[in-house]
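The values are calculated or read from the model by the stated rules, or taken from the named source; none is laboratory data. Please read all numbers here as calculations on a predicted model, not as lab measurements. In this analysis, Cβ positions are derived from the backbone assuming ideal geometry, glycine residues included, and neighbour counts consider all displayed protein chains. Ligands, DNA and RNA are excluded from the accessible area calculation, which covers all protein heavy atoms including side chains. Shrake-Rupley method; radii C 1.70, N 1.55, O 1.52, S 1.80 Å.
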Amino acid sequence: MKDLLITGANGGMGRAAVDLFVSRGYRVFALDRDACAPRENVIPLRADVTDETSVSEALRSVTAATDELCGIIHLAGVYMLDSLVEITPEAFERAFRVNMYGAFLINRTFLPLLKKGAKIILLTSELAVRDPLPFTGLYAVTKTALDQYAYSLRMELQLLGISVSVLRAGAVDTGMIGESTRQLDAFCRHTTLYAFNAKRFRQIVDSVEARKIPPAGIARRLFRIFSRKKPGFAYSVNRNPLLIMLDMLPKRARFFMIKKVLGT
């Protein structure tokens, strides 16, 4: 039986991924701040991916059960919607610590358990290769940083026989969609610079998130990537046609359109 580590394992995508990999014969170490219940071939790990002590304790728990992992799937992440000039420093830092630093810390800590042929998959975002919309900038920046980190990590770990891939997902039907709506509502209430614009922005967000993929769809794509003998670097799922069309325009045209739609 192969052993696999999945972070963010108690979220919507995490639970779907855990269920699928277990059904295909894997034993999964399911890491999350809110650990899931133990069951056959699922070993819950309660850990904060941004805390070195917490992650080190998780490593000790894993090494007590196995001396090798066939891979790591990173699904831990946080969504952030706010203005880049109004967001608090604490929230700004938290976005980077969860979405970027957490992946680094997990990989650095668990690398000794990854042997030749192991695979690492990180969930980034379709925004990682596109220009972000207003007020999604911080989320896009952290996911872009994660995407570039993964690219650099693949360059290095290929020398050890370990592959690194990213799955650039569009909107997924998880609790994070509800979280984006909640954050948008909060933003509309507290912003003092973009009050009129933010109301119009809700219409754009609703249209972008209308086309959602279920968590099971993400899990199946992760399993297909993981099952490849030599996975590629980047895979996309549920790309949004509106974002694709916007991305095809020259930057000057994009700025003009956004200002026309959201401007006063």
Residues whose built amide H sits under 5 Å from the amide H of Leu75, excluding neighbours closer than 5 in sequence, are Thr7, Gly8
Of 117-125, 92-100, ordering from highest average Cβ density within 10 Å down gives 117-125, 92-100
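Please state the shape class of segment 90-179: rounded when a/c is under 1.5, otherwise prolate if a/b exceeds b/c and oblate if not, all from the C-alpha gyration tensor.
Values: a/c = 2.06, a/b = 1.84, b/c = 1.12.
Since a/c reaches 1.5 and a/b is larger than b/c, the shape of segment 90-179 is classed as prolate.
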For Leu45, which sequence-distant residues (separation of 5 or more, or a different chain) have an amide H within less than 5 Å of its own amide H, given hydrogens modelled in the peptide plane?
-> Ala30, Leu31, Asp32, Cys36
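Please report the antiparallel percentage of the DSSP beta bridges confined to the chain, to the nearest 5.
So the antiparallel bridges in the chain amount to around 5 percent.
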Here the Kirkwood hydrodynamic radius of segment 12-55, Cα-based and in Å, equals 10.9 Å
First compute the accessible area of the chain with a 1.4 Å probe, then give the percent of it belonging to carbon and sulfur atoms.
-> 55 percent
Rounded to whole Å², per residue accessible area for segment 1-59 with a 1.4 Å probe reads 45 Å²
Most fluctuating of Ala253, Ala145, Ala219 in the GNM of the chain (C-alpha, under 10 Å) is Ala253
Gaussian network model of the chain, Cα within-10 Å springs - most flexible of Ala186, Ala30, Ala76 = Ala186
How much accessible area per residue does segment 112-151 have, in Å², with a 1.4 Å probe?
-> 34 Å²
Residues with amide H under 5 Å from that of Asp82, placed H, sequence gap 5 or more | Gly137, Leu138
Rg/Rg_ref, segment 1-125, where Rg_ref = 2.2 N^0.38 Å and atoms are Cα = 1.07
Ordered by packing density, taken as the mean number of other Cβ atoms within 10 Å over each peptide's residues, highest first, how do 77-83, 109-115 rank?
-> 77-83, 109-115
Quickly estimate the mean residue ellipticity at 222 nm for the chain, helices only: each DSSP H run with n ≥ 4 gives -39500 (n - 2.57), and the total goes over all residues, rounded to 500.
-> -15000 deg cm²/dmol
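Work out the FRET efficiency for Leu159 and Thr88 from their Cβ-Cβ distance, taking R0 = 41 Å, and round it to the nearest 0.05.
Numbers: r = 41 Å, r/R0 = 0.99.
Working from the Cβ atoms, E equals 0.50.
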Ordering 44-53, 133-142 by per-residue average of other C-beta atoms within 10 angstrom, highest first, gives 133-142, 44-53
Using only the Cα atoms of segment 57-130, build the gyration tensor, take square roots of its eigenvalues as a ≥ b ≥ c, and label the shape rounded, prolate or oblate: rounded if a/c is under 1.5, else prolate if a/b is larger than b/c, else oblate.
-> prolate
